[in-house]
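One structure below.
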Amino acid sequence: MTELVDTALERIHSSANLADLEAVRVDVLGRKGVLAQLSKDMGKLTSEERVQRGKFINAAKQSLEGAYDALKAKFESEALAARLDAEWLDLTVPAPGPKRGALHPVTLIQWEIEDLFRSMGFSVLDGPEVETEHHNFDALNIPPDHPARDMQDTFWLEGHHLLRTHTSPVQVRGMEKLGPPLKMIAPGRVFRNESVDASHEHTFYQLEGMMIDKDVSVGNLIYFMKTLLTAIFHREVTVRLRPGFFPFVEPGFELDIRCLICGGPGCPVCKQSGWVELLPCGLVNPHVLRSSGIDPKEWNGFAFGLGLTRLVMMRYAIDDIRWLQSGDLRFLGQFA
């Protein structure tokens, strides 16, 4: 039995790490270890032999546990020292401070367009996102039975209220409150009950503008639109003007821009067409002027609606509109 203790002590002292040391403890001092087996056999011994066996087991246990505890403490101390050396922190170094934030790309472009139009004498107006049916549809020559209502999937609320489907109601409110002559833009968030994909969102941003004065023509409209696009893209862009139907303008046009993501061959953003619908525009319908208390025989003007979210995608070559609403800090950090 003395040899058993000597062998166990030798195994303890030769352990290279805590795992080896734990294995020795289990083999010798564990519930099924060697000393436990010696205790089980004591029932077969005489009274005198049991006394001697008990003294030996107690002495062996004390010796082995002492050696085990000492080496375990040594290993733990070395492990702690290694961890402290690897993970040390210099508390005298100044803190880095808060991380730099970034404006959302929609905000960046919106502010840029606002500055541009202010320089041309336009006012920047705002309006409620929860609109009345009158301001969102009726005052824009879209009565209840008008087919144009089917073109906009609306989030309806109670009491003839809704989440605005465009920022045109701000134009109506501007005409009602300020009257002519009037030069204004209305940037803001709008809502459509649409299926979400790479080029469509239920929540997005528009910017609409209007000029009401005497003797306003399509030439005025084209001038301001070309000025806008050149300033935003910092280069000449390819556009096309198509006849378009919008109840609040007559005549109406669709201004499309050559897709700046693919350059024309087609991609998910432009629905493989090579063109992105960007700017519906036209001369203000006389019915819209009359609804806001403006005499169309004395005043006329132009109006346009800009897909601000799509413009941002073209400017920064973003191929999926869902990034803009994702809240992904990796995406937003690129604009810091």
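The values are calculated or read from the model by the stated rules, or taken from the named source; none is laboratory data. Please read all numbers here as calculations on a predicted model, not as lab measurements. As a convention, Cβ positions derive from the backbone with ideal geometry for all residues, glycine included, and neighbour counts pool all protein chains shown.
Would you check if there is a residue in the stretch 104-119 being within 30 Å of residue 175 (Cβ to Cβ), in contact with a Ser or Thr (Cβ under 7 Å, 6 or more places away or on another chain) and at pLDDT 85 or above?
Scanning the stretch 104-119, I find at least one residue that is within 30 Å of residue 175 (Cβ to Cβ), in contact with a Ser or Thr (Cβ under 7 Å, 6 or more places away or on another chain) and at pLDDT 85 or above, so the answer is yes.
Within the stretch 254-263, is there a residue that is under 21 Å from residue 142 (Cβ atoms), surrounded by 14 or more Cβ atoms within 10 Å (Cβ to Cβ) and at pLDDT 90 or above?
no
Have a look at 278, 221, 311 and point out the one that is within 22 Å of residue 122 (Cβ to Cβ), out of contact with any helix residue (DSSP H, G or I) (no Cβ under 9 Å at 6 or more places or on another chain), buried (at least 17 other Cβ atoms within 10 Å of the Cβ) and in the same structural domain as residue 209 (by TED's automatic domain parsing). If you could, list the steps in order and put the result at the bottom.
Numbers: 278 fails: out of contact with any helix residue (DSSP H, G or I) (no Cβ under 9 Å at 6 or more places or on another chain); 311 fails: out of contact with any helix residue (DSSP H, G or I) (no Cβ under 9 Å at 6 or more places or on another chain).
Answer to the check: 221.
Go over the candidates 132, 165 one by one and state the one that is without any contact (Cβ under 8 Å) to a residue 60 or more places away in the chain, among the polar types (S, T, N, Q) and surrounded by fewer than 19 Cβ atoms within 10 Å (Cβ to Cβ). It would help to see each step written out before you state the result.
Values: 165 fails: surrounded by fewer than 19 Cβ atoms within 10 Å (Cβ to Cβ).
Unique residue meeting the criteria: 132.
If you go through the stretch 174-184 one residue at a time, do you hit one that is part of a helix (DSSP H, G or I) and in contact with a Gly (Cβ under 6 Å, 6 or more places away or on another chain)? Before the answer, list the steps.
Restricting attention to the stretch 174-184, the residues satisfying the condition of being part of a helix (DSSP H, G or I) are 174-178.
Restricting the remaining residues to those that are in contact with a Gly (Cβ under 6 Å, 6 or more places away or on another chain) gives none.
Checking the stretch 174-184: not a single residue is part of a helix (DSSP H, G or I) and in contact with a Gly (Cβ under 6 Å, 6 or more places away or on another chain).
Quick check on this structure: which one of 81, 95, 70 is over 20 Å from residue 24 (Cα atoms), surrounded by fewer than 16 Cβ atoms within 10 Å (Cβ to Cβ) and assigned by TED's automatic domain parsing to the domain that holds residue 24? Give the derivation first.
Values: 95 fails: assigned by TED's automatic domain parsing to the domain that holds residue 24; 70 fails: over 20 Å from residue 24 (Cα atoms).
After ruling out the rest, the residue left standing is 81.
Quick one: is residue 139 out of contact with any Asp or Glu (no Cβ under 6 Å at 6 or more places or on another chain) and either surrounded by fewer than 20 Cβ atoms within 10 Å (Cβ to Cβ) or modelled with pLDDT under 90 (or both)? I'd like the intermediate steps shown before the answer.
Numbers: out of contact with any Asp or Glu (no Cβ under 6 Å at 6 or more places or on another chain): yes; either surrounded by fewer than 20 Cβ atoms within 10 Å (Cβ to Cβ) or modelled with pLDDT under 90 (or both): no.
When the stated conditions are applied, residue 139 does not pass them.
If I filter the stretch 57-77 for residues that are touching a Ser or Thr at 6+ places or on another chain (Cβ under 8 Å), among the β-branched types (Val, Ile, Thr) and part of a helix (DSSP H, G or I), do I get at least one hit?
So far as the stretch 57-77 goes, yes, one or more of its residues are touching a Ser or Thr at 6+ places or on another chain (Cβ under 8 Å), among the β-branched types (Val, Ile, Thr) and part of a helix (DSSP H, G or I).
List the number of the failed condition for residue 126; all other conditions in (1) part of a loop (DSSP other than H, G, I, E, B); (2) surrounded by 13 or more Cβ atoms within 10 Å (Cβ to Cβ); (3) touching a helix residue (DSSP H, G or I) at 6+ places or on another chain (Cβ under 7 Å); (4) of a type outside the set (Phe, Trp, Tyr) hold.
Of the numbered conditions (1) part of a loop (DSSP other than H, G, I, E, B); (2) surrounded by 13 or more Cβ atoms within 10 Å (Cβ to Cβ); (3) touching a helix residue (DSSP H, G or I) at 6+ places or on another chain (Cβ under 7 Å); (4) of a type outside the set (Phe, Trp, Tyr), the odd one out for residue 126 is (2).
Got a sec? Which of 208, 250 is acidic (Asp, Glu), assigned to a strand (DSSP E or B), surrounded by 18 or more Cβ atoms within 10 Å (Cβ to Cβ) and touching a residue at least 12 places away in the same chain (Cβ under 8 Å)?
208
Conditions first: (1) of a type in the set (Lys, Arg); (2) in contact (Cβ under 8 Å) with a residue 24 or more places away in the chain; (3) under 19 Å from residue 312 (Cα atoms). Residue 235 passes all but one, so which condition is the exception?
(2)
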